[in-house]
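The values are calculated or read from the model by the stated rules, or taken from the named source; none is laboratory data. Computed from a prediction, not measured in an experiment: that's the story for all the values here. Here the Cβ is made from the backbone with ideal geometry for all residues, glycine too, and neighbour counts use every protein chain on show.
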Amino acid sequence: MKETRHLESEAQAIKADEAFIAALNAGNNQVMFEVMHAPNIRISGKGVVIYNTKEELEREYLNSFASRAGETWHYTEMDWAQALHSSEDKVHLYLQWTRYDENRSELTTYPALWIMTKIHGNWGAQCRSSFAP
């Protein structure tokens, strides 16, 4: 089977991931949740969490993130992202992110697989998988 790449979709999916990281770092929850679709699935090194609705995602995600990131977390950088597969409305991104403290000391780094989807013209994360706790 020959795979067709959709370069514009790939660029938009990476742009949505970059917007997520920027919004997370800025504490801009509105923008962050605009680039996350529900249902939203997080597969971690400790299990699976499914946020069935946007309201559930908005209510529970940040508390979960804070407990995972730890008290010394200050910001996250996306080290790199590359598209593995793409269609007009879905992209599999293989990426790596690093968390830092306020002194720019690295806290942790994880590669991850994010499934980005285009819903109602908006690109966002639908499923995220890594071995992070």
(request) Given the conditions (1) among the polar types (S, T, N, Q); (2) surrounded by 17 or more Cβ atoms within 10 Å (Cβ to Cβ); (3) at pLDDT below 95, report the number of the one that Asn40 does not fulfil. (result) (3)
(message) Need the failing condition index for Gln12 against (1) in contact with a Lys or Arg (Cβ under 8 Å, 6 or more places away or on another chain); (2) assigned to a helix (DSSP H, G or I); (3) over 25 Å from Gly121 (Cα atoms), just the number.
(response) (3)
(message) Given the condition in contact (Cβ under 8 Å) with a residue 12 or more places away in the chain, out of contact with any Asp or Glu (no Cβ under 7 Å at 6 or more places or on another chain) and closer than 18 Å to Glu34 by Cα, answer yes or no: does some residue in segment 78-100 qualify?
(response) yes
(message) Could you tell me how many of the residues in segment 80-109 are of a type in the set (A, V, I, L, M), farther than 24 Å from Thr53 by Cβ and surrounded by 17 or more Cβ atoms within 10 Å (Cβ to Cβ)?
(response) 3
(request) Give just the number: which of (1) under 17 Å from Gln126 (Cα atoms); (2) in contact with a Ser or Thr (Cβ under 7 Å, 6 or more places away or on another chain) does Leu107 not satisfy? (result) (1)
(request) Identify the single condition in (1) closer than 20 Å to Gly121 by Cα; (2) buried (at least 17 other Cβ atoms within 10 Å of the Cβ) that Leu7 does not satisfy, given that it satisfies every other one. (result) (2)
(request) Mind counting the residues in segment 47-68 that are aliphatic (A, V, I, L, M), modelled with pLDDT of 90 or more and surrounded by 11 or more Cβ atoms within 10 Å (Cβ to Cβ)? (result) 3
(message) So in segment 110-125, with the set limited to residues that are farther than 12 Å from Gln12 by Cα and in contact with a Lys or Arg (Cβ under 8 Å, 6 or more places away or on another chain), which one is surrounded by the fewest Cβ atoms within 10 Å (Cβ to Cβ)?
(response) Leu113
(request) Please name all residue pairs, on different chains or six or more residues apart, with Cβ atoms under 8 Å, provided the first residue is in segment 40-63 and is closer than 18 Å to Asn29 by Cβ and the second residue is surrounded by fewer than 12 Cβ atoms within 10 Å (Cβ to Cβ). (result) Arg42/Val48
(request) Pick out the one residue from Ala66, Ala83 that is over 13 Å from the mean Cα position of the chain (by Cα) and in a strand (DSSP E or B). (result) Ala83
